[in-house]
Structure formats: C-alpha cells, structure tokens
Amino acid sequence: QVQLVESGGGLVQAGGSLRLSCAASGSIFSRNAMGWYRQAPGKQRERVATIDNGGVPNYADSVKGRFTISRDNAKNTVYLQMNSLKPDDTAVYYCWSFTRGYVDWGQGTQVTVSS
C-alpha cells in the first residue's frame, strides 16, 4: 500500500496559480504511475493529469495548456502546477498512485477559485 499526502490547496482568484504537492511513501516511487484527480460538489471524480514511471504526462482536455504535472523521484513527490485557474477548477484534488495493479488515493486537498 502506498501512503499519499497532498498539500498546497487553498483559495485563489480566477487567473491565479497554485501548486499542489503529493508526497508518497510505502513503495518504490519511481515504479509508480502517479496522477491527480478532482471532484467537484455533485459531480463524479475526474482525471486531471497523470504521469507514468517514464515521466510522460497526460492531461484532461479541460486543463491542457494551463496545468503541468511533474515528478521528482528523488523526493518521492509528484506536483501539479495550476495556472490560469478558473472557477470551474474548484474541487477537492486527490493524488493517485498506480503500481502493479494497485490503486491508492490521498485524502484530498481543497482548491477554491473565486470569480
């Protein structure tokens, strides 16, 4: 099992930026695919961005060009840089880990974008 701890959420005005971090423990981090999902009130959880163990990112269409996912294997941490934030980006953001068929989730961090 992988333990995931997110940080970096908060309140920001539309057009602003935030950077989320997710520290992982309990596995060989470099082998894991990592990512971020989000869930807004009354909506299903959706994929935001993922990055495989080779460092190749993949983004949801709604965040392409605005969000950047990256990973630092030396620090066992994955990041999500969010720029040009919109009110529609308001959600709880969850860190996600996938390795050898197992999925783990963080506890989530709230991101609120005011108009």
Notebook entry, point to check: Here are some residues: GLN44, GLN110. Which one is out of contact with any strand residue (DSSP E or B) (no Cβ under 6 Å at 6 or more places or on another chain) and either in a strand (DSSP E or B) or at negative phi (or both)?
Noted result: GLN44
Notebook entry, point to check: How about region 70-90: which of its residues are under 14 Å from GLU6 (Cα atoms) and either touching a helix residue (DSSP H, G or I) at 6+ places or on another chain (Cβ under 8 Å) or crowded, with 18+ Cβ neighbours inside 10 Å (or both)?
Noted result: ARG71, ASN76, THR77, VAL78, TYR79, LEU80
Next item on the list: Inspect all residues belonging to region 5-16 and state whether any of them is open to solvent by 50 Å² or more (accessible area, probe 1.4 Å), farther than 20 Å from GLY106 by Cα and without any contact (Cβ under 8 Å) to a residue 60 or more places away in the chain.
Entry: no
Margin query: Could you list, ordered by first residue, the pairs with Cβ atoms under 6 Å in which the first is in region 100-115 and under 15 Å from TYR79 (Cα atoms) and in contact (Cβ under 8 Å) with a residue 12 or more places away in the chain and the second is of a type in the set (Asp, Glu) and surrounded by 15 or more Cβ atoms within 10 Å (Cβ to Cβ), at least 6 apart or interchain?
Written below: GLY106/GLU6; THR109/GLU6
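The values are calculated or read from the model by the stated rules, or taken from the named source; none is laboratory data. Bear in mind that the values here come from a model prediction, so they are computed numbers and not experimental data. All Cβ positions, glycine included, derive from the backbone under ideal geometry; neighbour counts span all protein chains shown. Heads up: the accessible areas ignore ligands, DNA and RNA and are worked out on the full protein's heavy atoms, side chains in. Shrake-Rupley method; radii C 1.70, N 1.55, O 1.52, S 1.80 Å.
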